[in-house]
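These notes concern the structure reproduced below.
The values are calculated or read from the model by the stated rules, or taken from the named source; none is laboratory data. Predicted model only: the values in this text are computed from it and were never measured. Note: ideal-geometry Cβ built from the backbone for every residue, glycine included; neighbour counts use all protein chains shown. In case anyone asks, the SASA skips ligands and DNA or RNA and just uses the protein heavy atoms, side chains included. Shrake-Rupley method; radii C 1.70, N 1.55, O 1.52, S 1.80 Å.
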Amino acid sequence: EKDGHDWFMRKEIFEQPRAVADSLIGRRTTGGLLQLDEMRLADEEIRDLDKIIIIACGTSFYAGMVAKYAIEHWTRTPVEVELASEFRYRDPIVDATTLVVAISQSGETADTLQAIRHARSQRAKVLAICNTNGSSIPRESDAVIYTHAGPEIGVASTKGFLTQLVACYLLALYVAQVKGTRFGDEIDEIMVQLEAMPGHIETVLAQSDAVYELARAHTSTRSVLFLGRHAGYPVALEGALKLKELAYLHAEGFAAGELKHGPIALIEDGLPVLCVVPPRGRDQLHGKMLSGIQEVRARGARTICLAEEGDSTIEPYADDLVRLPRVPVLLQPLVAIVPLQLFACELATALGHDVDQPRNLAKSVTVE
Ligand code: F6R
């Protein structure tokens, strides 16, 4: 049942190329248009949207953070991302021109369910992104995009996360198409890039032995930091969450630009810092990330860098280097999270922990 793997989680990590491919099947019509049949929102309702609020918990929240970058960039619609457990307690501004997007793998998370009930009581439309047919959250939503991860058994979400990202990209492109934004014309091109992602994820998985070796070299570490920028920032947060959940280690993710505003004080000799390096592009992201890496390394950090193929500028500052395929920055989370999942899974295994059933955690959190 685990296909020869020791853990369901490891099996599920290796299922990710298939899960991503399945989540993309049947989305493009022959005319090149995107179709999301389950979406059930009229074009008019989408055109009238003033803002989108994404609500979710844990890993699903980090998928929502990535979604914000994609939705705002492609649709020019303002997006807020909020923890479901905080949403209804702050009297949020929500009305009939707000689309609330609830992201939940299980569809049973109580915090998220309560948040959508509150949103609907304020007349907002609710769209669920969910992996579980017929679960409570999609049943109480106006529309649903189902992810096609298949059942996720490991308590820590992996393929659930990747397929949530795919659903978020599809939602963003669909809104761009209906609203007719400038990116409406590039949908085809972006879909081709998305359809190439399963192959790229395979390329990352092919390096698993090297990542495992790295993980096993860190069994005596007490703390690990993760740095990212832009869409790589939620990847850093998710990488840290995986390590906390599975290896019971202190792990923290930061936006690299925030280092100098405090966290750099944590850096000491030998502290492992995992760095998600953005692709080289016209913007300054890559250069800024590089200087952040130089700063932590100058203070003794041991840098483990995830950087795209062919990026040699990173070599002098990386104690260890994991190569990522060359993909656009907005899609990079789909490949960048994979080594971090493998790292957490292997480090926890080496420490003798039960990776599928981490202590104190449940797969569905049905209490608030
Ligand atoms: C982390 C993890 C949790 C869930 C969170 C929300 O690996 O699995 O953080 O992401 O409890 O669960 P869902 O998506 O089912 O609402």
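Checking the structure you have, find out if any residue of the stretch 64-78 is assigned to a strand (DSSP E or B) and touching a strand residue (DSSP E or B) at 6+ places or on another chain (Cβ under 8 Å).
Looking only at the stretch 64-78, we keep the residues that are assigned to a strand (DSSP E or B), and these are none.
Within the stretch 64-78, not a single residue is assigned to a strand (DSSP E or B) and touching a strand residue (DSSP E or B) at 6+ places or on another chain (Cβ under 8 Å).
Taking residues in the stretch 97-110 that are in contact (Cβ under 8 Å) with a residue 60 or more places away in the chain, and partners anywhere that are within 7 Å of the ligand (Cβ to nearest atom) and part of a strand (DSSP E or B), the pairs with Cβ atoms closer than 7 Å and at least 6 places apart or on different chains are ILE103/ALA56. With respect to being modelled with pLDDT under 95 and surrounded by fewer than 20 Cβ atoms within 10 Å (Cβ to Cβ), VAL355 falls outside the description.
Is the stretch 52-59 home to any residue that is of a type in the set (Ser, Thr, Tyr), at pLDDT 95 or above, open to solvent by less than 10 Å² (accessible area, probe 1.4 Å) and over 25 Å from ASP185 (Cα atoms)? No - not one qualifying residue is present in the stretch 52-59. The residue list ALA172, ALA196, ALA167 contains one member that is within 15 Å of the ligand (Cβ to nearest atom) and either open to solvent by 20 Å² or more (accessible area, probe 1.4 Å) or hydrophobic (A, V, I, L, M, F, W, C) (or both), which is ALA167.
Take SER208 and decide whether it is free of Cβ contacts under 8 Å to residues at least 40 places away in the same chain and of a type in the set (Ser, Thr, Tyr). Taking the combined requirement at face value, the residue does not satisfy it.
Restricted to the stretch 220-235, and to residues there that are surrounded by fewer than 19 Cβ atoms within 10 Å (Cβ to Cβ) and small (Gly, Ala, Ser), the residue that is farthest from the chain's Cα centre (by Cα) is SER220.
Would you point out which residue out of THR112, THR98 is closer than 23 Å to LEU241 by Cα, at pLDDT 95 or above, polar (S, T, N, Q) and crowded, with 20+ Cβ neighbours inside 10 Å?
None of the others qualify; the one that does is THR112.
Residues of the stretch 270-300 that are hydroxyl-bearing (Ser, Thr, Tyr) and either at pLDDT below 95 or more than 25 Å from LEU331 (Cα to Cα) (or both): none at all.
Quick check, is ARG123 within 16 Å of the ligand (Cβ to nearest atom) and more than 20 Å from ALA231 (Cβ to Cβ)? For ARG123, the condition - within 16 Å of the ligand (Cβ to nearest atom) and more than 20 Å from ALA231 (Cβ to Cβ) - is not met.
Contact map, the stretch 236-255: residues that are assigned to a helix (DSSP H, G or I) and within 13 Å of the ligand (Cβ to nearest atom) paired with residues that are at pLDDT below 95 and of a type outside the set (A, V, I, L, M), Cβ distance under 8 Å, separation 6+ or inter-chain. Pairs shown: GLU245/PRO358; LEU246/PRO358. Just one of the listed residues (ALA217, ALA210) is farther than 23 Å from LEU162 by Cα, of a type in the set (A, V, I, L, M) and open to solvent by 50 Å² or more (accessible area, probe 1.4 Å), and it is ALA217. Tell me, which residue of the stretch 1-51 that is surrounded by fewer than 19 Cβ atoms within 10 Å (Cβ to Cβ) and hydroxyl-bearing (Ser, Thr, Tyr) is modelled with the highest pLDDT? Ranking the candidates gives THR29 first.
Counted as qualifying within the stretch 129-204 are the helices (runs of 4 or more DSSP H) with 3 or more residues that are under 17 Å from ALA102 (Cβ atoms), namely 136-139, 159-179. Residues of the stretch 95-125 that are outside any loop (DSSP other than H, G, I, E, B) and either basic (Lys, Arg) or out of contact with any helix residue (DSSP H, G or I) (no Cβ under 6 Å at 6 or more places or on another chain) (or both): THR98, LEU99, VAL101, ALA110, GLN114, ILE116, ARG117, ALA119, ARG120, SER121, LYS125.
Looking at GLU252, GLU238, can you tell me which residue is touching a Phe, Trp or Tyr at 6+ places or on another chain (Cβ under 9 Å), open to solvent by 20 Å² or more (accessible area, probe 1.4 Å), charged (D, E, K, R) and at pLDDT 95 or above?
GLU252
Per-residue answers, yes or no, for (1) of a type in the set (A, V, I, L, M); (2) buried (at least 17 other Cβ atoms within 10 Å of the Cβ):
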site	(1), (2)
ALA128	yes, yes
GLU140	no, no
ILE153	yes, no
THR163	no, yes
ILE190	yes, yes
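Could you please let me know if ILE145 is closer than 16 Å to GLU38 by Cα, of a type in the set (A, V, I, L, M, F, W, C) and near the ligand (Cβ under 9 Å from one of its atoms)? When the stated conditions are applied, ILE145 does not pass them.
If you take the residues in the stretch 65-86 that are buried (at least 24 other Cβ atoms within 10 Å of the Cβ) and within 16 Å of the ligand (Cβ to nearest atom), which one is farthest from ARG182 (Cα to Cα)? Top of the filtered list is ALA84.
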